[in-house]
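Working notes, beginning with the structure itself.
The values are calculated or read from the model by the stated rules, or taken from the named source; none is laboratory data. Treat the numbers as computed from the prediction; the structure is a model and nothing was measured. Glycine also receives a Cβ, built like all others from the backbone with ideal geometry; neighbour counts cover every protein chain displayed. The protein model used for the area step is the full one, side chains on, heavy atoms only, and it has no ligands, DNA or RNA in it. Shrake-Rupley method; radii C 1.70, N 1.55, O 1.52, S 1.80 Å.
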Amino acid sequence: MSKPVIFILLGPNLNMLGIREPHIYGHETIQDVEAMCRKEAATHGFDIVFEQSNHEGDLVTWIQEALKNAKGLIINAAAYTHTSIAIYDALKMLENTVSIVEVHHSNPKEREPFRHFSYVEPHAFAHFAGHGARGYIMGLEALAERFGADK
Ligand code: CA2
């Protein structure tokens, strides 16, 4: 039987992880994050698609692809979390089909007021914020637990 596919999508500026502002976003680079996710995914028998883009449309396209191919989707939409109706609409299409987890390295709710609202939040069954790169691992664990409960 084929392995469940999990999309892990990262939004704008997260390609700079580990290079700038490590006190906010942690010391791991995006390559480190991908390697951590691949290792964790393997322990749960998941295949992962790991993507980062600085462009809103790329994220929308990958969310649409997840509808065809994925069982779970972990998303850190970065600044688009707080602005993107396009991402809100795309995630809405996954409702009842793909399980969504929202991840943030920092905790946006404890930062500037403009970060307090999330267009991703209503679509996600689990949220991990303020745990740095470990948030993605927590997301994979949450998906594994959810799918285990499906059996
Ligand atoms: O805490 C998070 O993960 C955020 O999604 C990060 C976004 C921010 O707009 C959200 O409010 C919270 C910003 C991503 C910026 O990424 C950088 C990474 C390294 C260095 C500089 C920026």
Pairs please, first residue from region 32-51 and at positive phi, second anywhere and open to solvent by 40 Å² or more (accessible area, probe 1.4 Å), Cβ atoms under 8 Å, 6+ apart in sequence or on different chains.
G45/K3; G45/P4
So the check is Cβ under 6 Å with 6+ separation or different chains; which pairs have a first residue in region 12-31 that's over 12 Å from G132 (Cβ atoms) and a second one that's more than 9 Å from the ligand (Cβ to nearest atom) and assigned to a loop (DSSP other than H, G, I, E, B)?
P12/N54
Flag if A126 is within 16 Å of the ligand (Cβ to nearest atom), surrounded by 15 or more Cβ atoms within 10 Å (Cβ to Cβ) and within 29 Å of P22 (Cβ to Cβ):
yes
Apart from one, (1) under 21 Å from E34 (Cβ atoms); (2) open to solvent by 20 Å² or more (accessible area, probe 1.4 Å) all hold for L143; the odd one out is (2)
In the set H82, H116, which member is open to solvent by 50 Å² or more (accessible area, probe 1.4 Å), under 30 Å from R20 (Cα atoms) and more than 14 Å from the chain's Cα centre (by Cα)?
H116
